[in-house]
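Encoded as structure tokens, the structure appears first; notes follow it.
Values quoted throughout were computed directly from the atomic coordinates according to the rules given, and no laboratory measurement underlies them. Remember, it's a predicted structure, so these values are computed and weren't measured experimentally. No Cβ is skipped: glycine too gets one built from the backbone with ideal geometry, and neighbour counts run over all protein chains shown.
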Amino acid sequence: MNEYDRGFHPTLRIKGTKSKSLLGKKIVVGVTGSVAAVRVVELCRELIRYGADVYVVMTDAAKNIIHPYTLHYASGHDVIERLVGKIEHVEFLGMEGEADIFLIAPATSNTISKIAYGISDTTITLFATTAFGSKIPIAIVPAMHESMYQNPILLENIERLKDLGVTFIGPRIGEEKAKIAKVDEIVLYVEHILSKKILKGKRVLITSGATAEPIDPIRILTNRASGKTGKELAKECFRQGADVMLVHNREIDTLGISEIRVESGEEMYDAVMRELKRERYDCLISAAAISDYKVETAETKISSGDEIILKLIPTRKLIEDVKKKFSDLVVVGFKAETNVSREELIKRSLEKKEKVGMELIVANDVGKGGMGTPDNEVYIIKDKDEIDHVKGAKKIIAEKIITSLSRVLG
């Protein structure tokens with residue numbers, strides 16, 4: 001007996017291989033006649049990798065772009081091309097519908113405007129009308145030429161739908177196109193819509209990655225931090241409903257997450273202090289590996305081959321100064337050590353936590369891994385009697401840290 005005889009599609013082998021965040025969720029993906037429909041194969045498979053069950057419904061126009069068999073392969077289920085006796089729009093999106101969200105990706109100008117005015121003359125618009133009536137979440141991912149997207153009538157219709165609770169993901173403007181959002185951004189927004197929103201209404205400021213201290217106009221002093229943990233923390237905060245500002249020296253370029261680009265430790269220090277004075281934040285997560293020292297920068301390139309002595313100057317301590325000036329702010333810090341025992345790592349971390357007055361501290365032994373790698377092993381410490389040991393992908397670690405933070409914030 002093969003897998004088809006058992007009712008198991010080979011595509012479903014990848015279910016939950018990246019994350020379990022969408023496990024148990026049923027997602028109906030509506031595909032319209034935009035050329036960006038070719039991206040839906042990748043989107044469906046990524047949603048499945050995060051644990052979701054994916055069902056696809058297409059318009060006739062979409063079938064001119066991509067064949068239903070392709071999306072059957074991508075989703076692992078038969079594609080809904082037309083409505084038959086099963087009344088699929090009610091089965092999935094009715095009052096007792098099975099679906100958790102209706103995701104229209106890509107969405108054309110025509111489809112968006114029809115939905116805005118309750119026109120139900122295609123499979124997609126009828127599914128949307130049904131979802132509105134049963135209050136199942138709708139997310140729309142526009143994709144079209146920029147001139148069409150900038151049509152004031154369309155923009156008015158988009159605002160009309162937003163006022164009705166529809167989430168719009170993108171578009172990304174470039175090359176005179178309003179391009180479909182990146183697949184990972186769409187997945188992130190779906191997670192956000194379907195999450196428990198344990199940080200709803202909170203504002204979180206996060207520092208991430210290494211800083212770089214200039215020696216001359218070309219050379220720098222830095223460290224091995226990759227910023228992966230900080231980025232995962234920013235994404236998890238967004239998933240859970242927080243407004244997020246990420247301060248770092250790279251680029252996350254992800255819809256929904258604001259960022260400030262800095263290079264040196266001094267720039268990071270100043271950016272954080274400026275933000276805390278400018279906006280009300282509930283929490284600072286200091287995940288950056290900020291340089292402990294800087295040097296006096298030469299104005300011109302130091303000649304190669306010359307023997308030089310660098311004088312290291314201590315940098316200002318961000319967390320300590322934040323706690324002095326913003327005593328009510330919840331602060332999550334990180335403590336990295338190398339090749340120490342578990343007991344010594346926790347002891348040193350608790351000492352730093354108490355000295356600074358942090359609410360949480362995350363400890364890890366980078367001598368055993370974690371610096372620049374996709375996974376890590378950490379201890380999330382609230383006090384000596386409340387310590388969580390987490391080992392695995394940095395996404396999983398970020399989820400655990402944010403769960404602990406939510407309990408502190410209340």
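Key figures
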quantity: Leading residue at positive end of dipole, the stretch 269-410 (Cβ point charges), from Ala398, Thr338, Ser303; calculated: Ala398
quantity: Size of electric dipole in the stretch 203-409: Cβ of Lys, Arg +1 and of Asp, Glu -1, about Cα centre, debye, nearest 20; calculated: 400
quantity: Between 0 and 90°, nearest 10: helix 152-163 axis offset from the chain longest Cα axis; calculated: 80
quantity: Extreme residue, positive dipole direction of the stretch 161-318, given options Val190, Val272, Tyr293 (C-beta unit charges); calculated: Val190
quantity: Neighbour net charge for Arg219 - beta-carbon separation under 14 angstrom, K R +1, D E -1; calculated: -4
quantity: The chain, helix-only ellipticity at 222 nm - DSSP H runs n ≥ 4, -39,500 (n - 2.57), divided by all residues, nearest 500; calculated: -10000 deg cm²/dmol
quantity: Loop-resident sites, the stretch 1-75, for GluC sites (Glu not before Pro), counting at most 14 other Cβ within 10 Å (DSSP); calculated: Glu3
quantity: Exceeding the 21 Å Cα-Cα cut-off - candidates Lys277/Lys384; Lys182/Lys400; Lys323/Lys395; Lys235/Lys353; Lys25/Lys231; Lys335/Lys391; calculated: Lys277/Lys384; Lys182/Lys400; Lys323/Lys395; Lys235/Lys353; Lys25/Lys231
quantity: Contact order normalised by residue count of the stretch 203-409, Cα under 8 Å, 6+ apart, percent; calculated: 21
quantity: Contact order normalised by residue count of the chain, Cα under 8 Å, 6+ apart, percent; calculated: 10
quantity: Relative contact order %, the stretch 172-256, counting alpha carbon pairs below 8 Å whose residues are six or more apart; calculated: 36
quantity: Spatial extent of the stretch 12-194: Rg and Dmax, with the Cα atoms as the point set, Å; calculated: 15.0, 45
quantity: Sorted by Cβ density within 10 Å, fewest first, the residues Thr129, Thr373, Thr229, Thr300; calculated: Thr300, Thr373, Thr129, Thr229
